[in-house]
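K.L.:
One structure, pasted below without further comment.
The values are calculated or read from the model by the stated rules, or taken from the named source; none is laboratory data. Owing to the predicted nature of the structure, the values given are computational and were not obtained by experimental measurement. Virtual Cβ from ideal backbone geometry, glycine too; neighbours counted across all protein chains shown.
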Amino acid sequence: MSTLAHVFEEAGLATIVLGSNRSVVERMQPPRVLHCEFPLGRPLGKPGDAEFQRGVLERAFALFDADEPTIVDHPETIESDETPMACSLPPRYDPDLPPAVDEAQGLRAAYDRAVAKRGATSVGRTITADQVPEVLGILHQWAEGASWKETPLPDRNVIGICHDIRSYYEEAGLELVDGPPPAGRAAEAWFHEQTEGGKTLMAARKALQDQEAPFPMWFYMAPGHR
């Protein structure tokens with residue numbers, strides 16, 4: 001974003017960067033920066049808190065009055081919390097199915113409610129919600145040792161497919177959580193650490209690595225820090 005800010009400024013467009021890492025913006029030196037010590041992926045700080053988010057934007061827009069390059073620190077720090085969100089998963093329905101497939105089917109009602117409530121979904125980059133159980137079945141086979149070449153996914157975009165699976169789970173999970181939105185990365189931690197879908201994805205990722213599949217293919221199936 002800092003690099004793009006310089007490009008836009010040279011084209012005559014004034015910019016403000018909401019920076020999460022102070023050392024980066026100090027090095028890149030975009031003209032106007034509001035440094036926000038918030039969890040990555042939450043540039044406005046608190047999901048669902050319109051008053052707080054408005055305050056962040058007001059502080060950012062006030063930087064248009066600066067006469068020289070400036071970095072201003074937002075007064076409030078929000079610590080990142082990767083504790084998995086508390087979310088009850090549906091009980092097993094069909095013990096003959098792979099656990100992740102059964103689980104994904106059980107989450108469909110919650111996913112549909114979430115889509116109806118928000119009017120949008122992040123699922124669909126590569127596969128549809130209807131395809132999530134099918135794809136998890138294939139990932140289950142990979143995790144059990146099947147060749148990824150002989151048991152292909154419905155699309156070669158493995159990274160996009162995994163993005164859709166995680167989005168499906170997180171949207172369904174957030175619909176089942178009571179109370180305020182969970183902390184940053186709590187939904188990610190819940191998916192990867194507590195759901196059968198997340199565990200199956202990670203096991204399939206490890207199997208691809210063991211089979212010496214192309215590096216980008218398996219590595220970006222999950223966030224890099226995992």
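K.L.:
Being among the charged types (D, E, K, R), in contact with a helix residue (DSSP H, G or I) (Cβ under 8 Å, 6 or more places away or on another chain) and modelled with pLDDT under 95 narrows it down to one residue among 42, 92; which is it?
P.N.:
Numbers: 42 fails: in contact with a helix residue (DSSP H, G or I) (Cβ under 8 Å, 6 or more places away or on another chain).
Going through 42, 92 in turn, just one is among the charged types (D, E, K, R), in contact with a helix residue (DSSP H, G or I) (Cβ under 8 Å, 6 or more places away or on another chain) and modelled with pLDDT under 95: 92.
K.L.:
Find the residue count for segment 197-226, including only residues that are of a type in the set (Asp, Glu) and outside any loop (DSSP other than H, G, I, E, B).
P.N.:
To start, the set of residues in segment 197-226 that are of a type in the set (Asp, Glu) comprises 210, 212.
Then drop every residue that is not outside any loop (DSSP other than H, G, I, E, B), which leaves 210.
Qualifying residue count for the region: 1.
K.L.:
Look at residue 13 and say whether it is more than 17 Å from residue 59 (Cα to Cα), in contact (Cβ under 8 Å) with a residue 60 or more places away in the chain and assigned by TED's automatic domain parsing to the domain that holds residue 57. Outline the logic, then answer.
P.N.:
Values: more than 17 Å from residue 59 (Cα to Cα): yes; in contact (Cβ under 8 Å) with a residue 60 or more places away in the chain: no; assigned by TED's automatic domain parsing to the domain that holds residue 57: yes.
For residue 13, the condition - more than 17 Å from residue 59 (Cα to Cα), in contact (Cβ under 8 Å) with a residue 60 or more places away in the chain and assigned by TED's automatic domain parsing to the domain that holds residue 57 - is not met.
K.L.:
Restricting to segment 121-153, name every residue that is farther than 15 Å from residue 197 by Cα, over 22 Å from the mean Cα position of the chain (by Cα) and either of a type outside the set (D, E, K, R) or buried (at least 20 other Cβ atoms within 10 Å of the Cβ) (or both).
P.N.:
Listed by number, the residues that qualify are 145, 146, 147, 148, 151, 152.
K.L.:
Continuing with this model, one more query. Can you pull out every residue in segment 80-108 that is surrounded by fewer than 13 Cβ atoms within 10 Å (Cβ to Cβ) and either of a type in the set (Gly, Ala, Ser) or in contact (Cβ under 8 Å) with a residue 60 or more places away in the chain (or both)?
P.N.:
83, 88
K.L.:
Looking only at residues in segment 1-26 that are among the polar types (S, T, N, Q) and surrounded by 15 or more Cβ atoms within 10 Å (Cβ to Cβ), which one is nearest to residue 79 (Cα to Cα)?
P.N.:
Only one residue fits best here, namely 20.
K.L.:
Filter segment 83-107 for residues that are touching a Pro at 6+ places or on another chain (Cβ under 9 Å) and either of a type in the set (Gly, Ala, Ser) or more than 19 Å from residue 168 (Cβ to Cβ) (or both) and give the result.
P.N.:
Selection gives 83, 86, 100, 104, 106.
K.L.:
Moving to a separate point now. With segment 92-148 as the region, which helices (runs of 4 or more DSSP H) entirely inside it contain at least 3 residues that are in the same structural domain as residue 210 (by TED's automatic domain parsing) and of a type in the set (Val, Ile, Thr)?
P.N.:
By residue number, 132-143.
K.L.:
Restricting to segment 171-196, what's the tally of residues that are more than 17 Å from residue 226 (Cα to Cα), within 17 Å of the chain's Cα centre (by Cα) and part of a helix (DSSP H, G or I)?
P.N.:
Number satisfying all stated conditions: 5.
K.L.:
Looking only at residues that are assigned to a helix (DSSP H, G or I) and exposed (fewer than 14 other Cβ atoms within 10 Å of the Cβ) in segment 27-56, which one is nearest to the chain's Cα centre (by Cα)?
P.N.:
50
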